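Asks: Take a look at the following structure, please.
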Amino acid sequence: MPRRRPSELRFRRSDVKKKPPGLPRGSARLLTAVAALERNGFDSVGGALRNWRLNVQGRWELTGCDHCDWLVITARETLDSAMRALPPPLARELGAMVAPLDELYEARTVPDPAAPSNAPAWSRRTRS
């Protein structure tokens, strides 16, 4: 039986780090930091990014159901909290993934005059 090379054995290890679902790209440092946040009780950052993307692109219908609508609000809050919890270079990297979605969201929504002025900018908008 032929001997396997050490590199082949290392490649097949079960503890190889996998990309968290929902993060379309990112450095190894970002993925490691996000995984550490999630291990320490943080909500799923990848899932929050996916939910925010679906909402912004219009594929997540806001139905008036309190639970469904709350998921979208919670998703953006999770991303905001993650960016505050990460070190500045990694927060900028995650922010670069969120910024295009925020710009699209701003283009597709209008200011909500009834929203409190101390709320985050993304929550002071409503669909027209």
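The values are calculated or read from the model by the stated rules, or taken from the named source; none is laboratory data. These numbers come from a predicted model, not from an experiment. Positions of Cβ are backbone-derived with ideal geometry, glycine not excepted, and every protein chain shown enters the neighbour counts.
Asks: Consider only pairs whose beta carbons are under 7 Å apart and that are at least six residues apart or on different chains; among these, list those whose first residue lies in segment 80-107 and is under 12 Å from L30 (Cβ atoms) and whose second residue is assigned to a loop (DSSP other than H, G, I, E, B).
Replies: Hits for this filter: A82/F42; E93/G26; E93/S27; L94/L86; M97/P24.
Asks: Can you say whether T63 is of a type in the set (S, T, N, Q), part of a loop (DSSP other than H, G, I, E, B) and modelled with pLDDT under 85, as far as the supplied structure shows? I'd like the intermediate steps shown before the answer.
Replies: Numbers: of a type in the set (S, T, N, Q): yes; part of a loop (DSSP other than H, G, I, E, B): yes; modelled with pLDDT under 85: yes.
The answer is yes for T63.
Asks: Which one is modelled with the lowest pLDDT among residues in segment 109-124 that are in contact with a Lys or Arg (Cβ under 9 Å, 6 or more places away or on another chain) and within 16 Å of A75 (Cβ to Cβ)?
Replies: Once the filter is applied, the top-ranked residue is W122.
Asks: State which residue is modelled with the highest pLDDT when the search covers only segment 26-36 and only residues that are touching an Asp or Glu at 6+ places or on another chain (Cβ under 9 Å) and surrounded by fewer than 17 Cβ atoms within 10 Å (Cβ to Cβ). Don't jump to the end; show me each part of the working.
Replies: Narrowing segment 26-36 to residues touching an Asp or Glu at 6+ places or on another chain (Cβ under 9 Å): 26-27, 29-30.
Then drop every residue that is not surrounded by fewer than 17 Cβ atoms within 10 Å (Cβ to Cβ), which leaves 27, 29.
Details: S27: 87, R29: 90.
Across segment 26-36, the extreme among qualifying residues is R29.
Asks: Taking the condition of a type outside the set (A, V, I, L, M) and surrounded by 14 or more Cβ atoms within 10 Å (Cβ to Cβ), does R124 pass?
Replies: Details: of a type outside the set (A, V, I, L, M): yes; surrounded by 14 or more Cβ atoms within 10 Å (Cβ to Cβ): yes.
Yes, satisfied.
Asks: I73 is checked against (1) surrounded by fewer than 10 Cβ atoms within 10 Å (Cβ to Cβ); (2) at pLDDT below 80 and fails just one. What number does that condition carry?
Replies: Of (1) surrounded by fewer than 10 Cβ atoms within 10 Å (Cβ to Cβ); (2) at pLDDT below 80, only one is false for I73: (1).
Asks: Only one residue in A85, A99 is at pLDDT 85 or above and either touching a strand residue (DSSP E or B) at 6+ places or on another chain (Cβ under 6 Å) or loosely packed, with under 14 Cβ neighbours inside 10 Å (or both). Which one?
Replies: The conditions single out A99.
Asks: Counting only residues that are among the hydrophobic types (A, V, I, L, M, F, W, C) and within 23 Å of the chain's Cα centre (by Cα), which one in segment 111-128 is farthest from N55 (Cα to Cα)?
Replies: Just the residues of segment 111-128 that are among the hydrophobic types (A, V, I, L, M, F, W, C), to begin with: 114-115, 119, 121-122.
Subset that is within 23 Å of the chain's Cα centre (by Cα): 119, 121-122.
Details: A119: 19, A121: 16, W122: 12 Å.
Of everything passing the filter in segment 111-128, A119 is farthest from N55 (Cα to Cα).
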